[in-house]
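The values are calculated or read from the model by the stated rules, or taken from the named source; none is laboratory data. Computed from a predicted model, the values in this text were never measured in an experiment. Neighbour counts run over all protein chains shown; Cβ positions are idealised from the backbone, glycine included.
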């Protein structure tokens, strides 16, 4: 993993805050432990229950179509296959908050930073 770069003076609505980022990182899927997947399952189920009746049906349907379940943390590579094919977008792993220009460059190029 790359060493994090520090942006000293990032102005936000909360004032100046430091921003740490390595720009792009690979998802360490093979390093996720059983506990990591169990935590994902708990959080996914809880959030899914909260979303029913609050999120639009299209969001929930898309989550299902992408194969996102409580069974395991999704692999970005698998999600990207479907996203690229159906929308032209991909997910890109980042570590920390991105500076504004980097963030919007990803969006302009149909990459959603996660």
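Which residue, of 97, 101, 60, is modelled with pLDDT under 95, assigned to a helix (DSSP H, G or I) and within 30 Å of residue 33 (Cα to Cα)? From the options 97, 101, 60, the qualifying one is 60. Answer yes if at least one residue in region 93-108 is in contact with a strand residue (DSSP E or B) (Cβ under 9 Å, 6 or more places away or on another chain) and loosely packed, with under 13 Cβ neighbours inside 10 Å, and no otherwise. Yes, region 93-108 contains a residue that is in contact with a strand residue (DSSP E or B) (Cβ under 9 Å, 6 or more places away or on another chain) and loosely packed, with under 13 Cβ neighbours inside 10 Å.
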